[in-house]
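Written out below as structure tokens is the structure these notes cover.
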Amino acid sequence: MDVTVKRQPEQLLYELLDDQGERIGKIDYRERSGVITMWHTEVDKAHQGEGLAAILVAAALDDARERGLTVKPTCPYIARYIERHPDYADLLQGGSA
């Protein structure tokens, strides 16, 4: 399945869209003073176990990097993802997992 990730700043979320444009996942976030707090990750039950949460998180972290933001992952899934992918550790407040 082809998926797309889009940031929706008016709704304070990243959307994971399927190839029909339907939202099948999201990350809720807050952004203030150069810090993006990612506090909730969700993928529809019908698509869990397909690796889509990892695609969503990687895209959101890449976007934060491109925008020069520091990441505060209060969502346990995102925190674990960064621990498992140390190439994103530089985004964390303090610069390490």
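The values are calculated or read from the model by the stated rules, or taken from the named source; none is laboratory data. Given the structure is predicted, the values throughout are model-derived calculations rather than measurements. Glycine gets a Cβ as well: all are built from the backbone with ideal geometry, and neighbour counts include every protein chain shown. Heavy atoms of the whole protein, side chains included, go into the accessibility calculation; ligands, DNA and RNA do not. Shrake-Rupley method; radii C 1.70, N 1.55, O 1.52, S 1.80 Å.
Scanning segment 32-58 for residues that are over 13 Å from the mean Cα position of the chain (by Cα) and farther than 22 Å from ASP87 by Cβ returns ARG32, SER33, ASP44, LYS45, ALA46, HIS47, GLN48, GLY49, GLU50. Against the list (1) open to solvent by less than 80 Å² (accessible area, probe 1.4 Å); (2) closer than 24 Å to ALA89 by Cβ; (3) within 11 Å of the chain's Cα centre (by Cα); (4) of a type outside the set (Val, Ile, Thr), the condition GLU15 fails is (2).
Are any residues in segment 46-97 open to solvent by 40 Å² or more (accessible area, probe 1.4 Å) and among the β-branched types (Val, Ile, Thr), and if so, which ones? Residues satisfying the conditions are ILE55, THR70, THR74. So is THR4 at pLDDT 95 or above and open to solvent by 60 Å² or more (accessible area, probe 1.4 Å) or not? Spelling it out, THR4 is indeed at pLDDT 95 or above and open to solvent by 60 Å² or more (accessible area, probe 1.4 Å). Of all residues in segment 25-48, those that are in a strand (DSSP E or B) have Cβ atoms under 7 Å from Cβ atoms of residues that are open to solvent by 80 Å² or more (accessible area, probe 1.4 Å) and modelled with pLDDT under 95, 6 or more apart or on another chain, in VAL35/GLN93. Restricting segment 50-97 to residues that are out of contact with any helix residue (DSSP H, G or I) (no Cβ under 7 Å at 6 or more places or on another chain) and among the polar types (S, T, N, Q) leaves a set whose member that is modelled with the lowest pLDDT is GLN93.
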